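Quick notes on the structure that follows.
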Amino acid sequence: MDILAQIDKDKLPQHVAIIMDGNGRWAKKQGLLRAAGHKKGTRAVREAVECAAELGIKHLTLYAFSTENWNRPKAEVDTLMKLLVSSLKKEIATLQDNDVVLGTIGAINTLPDKAQRELEEVISKTQNNKGLKLTLALSYGSREEIVKTVQEICIKVKNNLLSPAEIDEDCVNSHLYTANMPDVDLLIRTSGEQRVSNFLLWQIAYAEFYFTDILWPDFRKHHLHDAIYNYQKRERRFGKTSEQIK
Ligand code: FPP
């Protein structure tokens, strides 16, 4: 069955977020080092970005490196940072061809200087594009983001710039890394694991979850089509009854 033809372009999720998992297991299965899995994972990143852009999805957020990933062996962290820099250099053309705007969320100032510089360059070169907003979560942890948000709000209250009564959901939203982005509609995790791992905890309040056994390096456009088709078959009630939705 041609799933792409069955996707309703008027009912696309506005914001798709992906936990790209399984690079290490993919490498192990092939008898390769973990680094080879990460390298192969960059092809899947390109496929997901192109596919989201082709479909007309507005926001794609990829969990590329978590705050907890700093605890991996130094050699693996170095490999991931180098891969980030080389991928940005290599894929700038893909981003421009697909009219993609690059952005980041996370503690970007904790990344190596080289990675920060390359990110700044690609962000600046793509800032006037009009298509898909691609956000890389780098040194990202949702709890860290929420703590940062609470601190910023407290400072404003302390300086009389904000009163406690003014702290509502919009106020919290506007202090998150994702301030100008819509909530996540569809959260995908590859590799068969079914957990959220400190990713966008506030923003997934009403997201639909889609888990697949595919390991991230094997993820292709048709897998994203499957996820979106599956999403479109669900009834999102946002706390209401089925009758109210219809
Ligand atoms: C999870 O697989 C993946 C990561 C921690 C890193 C994701 C990185 C990439 C896909 C490549 C580079 C990305 C960009 C944006 C250039 P894992 O290592 O946890 O796999 P495992 O659970 O099988 O060990």
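The values are calculated or read from the model by the stated rules, or taken from the named source; none is laboratory data. Bear in mind the structure is a predicted one, so any value in this text is a computation, not a measurement. Glycine also receives a Cβ, built like all others from the backbone with ideal geometry; neighbour counts cover every protein chain displayed. Heads up: the accessible areas ignore ligands, DNA and RNA and are worked out on the full protein's heavy atoms, side chains in. Shrake-Rupley method; radii C 1.70, N 1.55, O 1.52, S 1.80 Å.
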### Query
If r is the Cβ-Cβ distance from Ser174 to Arg195 and R0 is 41 Å, what FRET efficiency results, to the nearest 0.05?
0.90
### Query
Where the accessible area of the chain is counted over protein heavy atoms with a 1.4 Å probe, how much of it, in %, is carbon and sulfur?
50
#### Entry: Calculated on alpha-carbon atoms, Rg and Dmax of the stretch 4-61 in Å
14.4, 44
### Message
Compute, for the chain, the length of the dipole vector about the Cα centre, with Cβ point charges of +1 (Lys, Arg) and -1 (Asp, Glu) only. Units Debye, rounded to 20.
### Response
700
## Note on the structure
Measuring from its Cα centre, the stretch 173-246 shows a charge dipole (+1 at each Lys and Arg Cβ, -1 at each Asp and Glu Cβ) which, in debye to the nearest 20, is 180
### Query
Using a Gaussian network model of the chain with C-alpha springs under 10 Å, which one of Asn129, Asn159, Asn198 is most mobile by mean-square fluctuation?
Asn159
### Query
Which residue, chosen from Val172, Gly56, Ser86, occupies the Cα position most advanced towards the positive end of the dipole of the stretch 47-172, where the dipole is computed from +1 (Lys, Arg) and -1 (Asp, Glu) charges on Cβ about the Cα centre?
Ser86
### Query
Hey, got the dipole for the stretch 1-145? About the Cα centre, +1 on K and R Cβ, -1 on D and E Cβ, debye to the nearest 20?
540
### Summary
Rg/Rh over Cα atoms for the stretch 113-200, Kirkwood Rh, comes to 1.03
#### Entry: Farthest positive-ward along the chain dipole, Cα basis, beta-carbon charges - from Leu201, Leu215, Ile146
Leu215
### Message
Could you give me D for the stretch 153-246, from Stokes-Einstein at 10 °C and 1.306 mPa s, where the hydrodynamic radius is the Kirkwood radius over C-alpha pairs? Units µm² s⁻¹, please.
### Response
98
### Summary
From most to least accessible, 1.4 Å probe, no ligand or DNA/RNA atoms counted, Ser242, Ser86 line up as Ser86, Ser242
### Task
Rank Leu32, Ile19, Gln116 by how far each Cα sits towards the positive end of the charge dipole of the stretch 1-138 (+1 on Lys, Arg Cβ; -1 on Asp, Glu Cβ) and give me just the farthest.
Leu32
## Note on the structure
Percent of all Cα-Cα pairs per 5 Å bin for the chain, counting from 0 up to the last occupied bin, reads 1, 6, 12, 17, 19, 17, 13, 8, 5, 2, 1, 0, 0
### Query
Which residue, Lys58, Lys148, Lys158, tops the fluctuation ranking in a GNM of the chain built on C-alpha contacts under 10 Å?
Lys158
### Query
For the chain, with every protein chain kept in place, what is the accessible area per residue (1.4 Å probe, Å²)?
54
### Task
In whole angstrom, note down how far apart the Cα centers of the stretch 48-119 and the stretch 188-235 are.
19
### Query
Helices from the chain with mean Kyte-Doolittle at least 0.0 and a Cα length along the axis of 27 Å or more, per DSSP H: which?
74-97
### Query
Given Lys89/Lys133; Lys28/Lys89; Lys125/Lys148; Lys58/Lys240; Lys11/Lys89; Lys39/Lys90, which pairs have Cα atoms separated by over 24 Å?
Lys28/Lys89; Lys125/Lys148; Lys58/Lys240; Lys11/Lys89
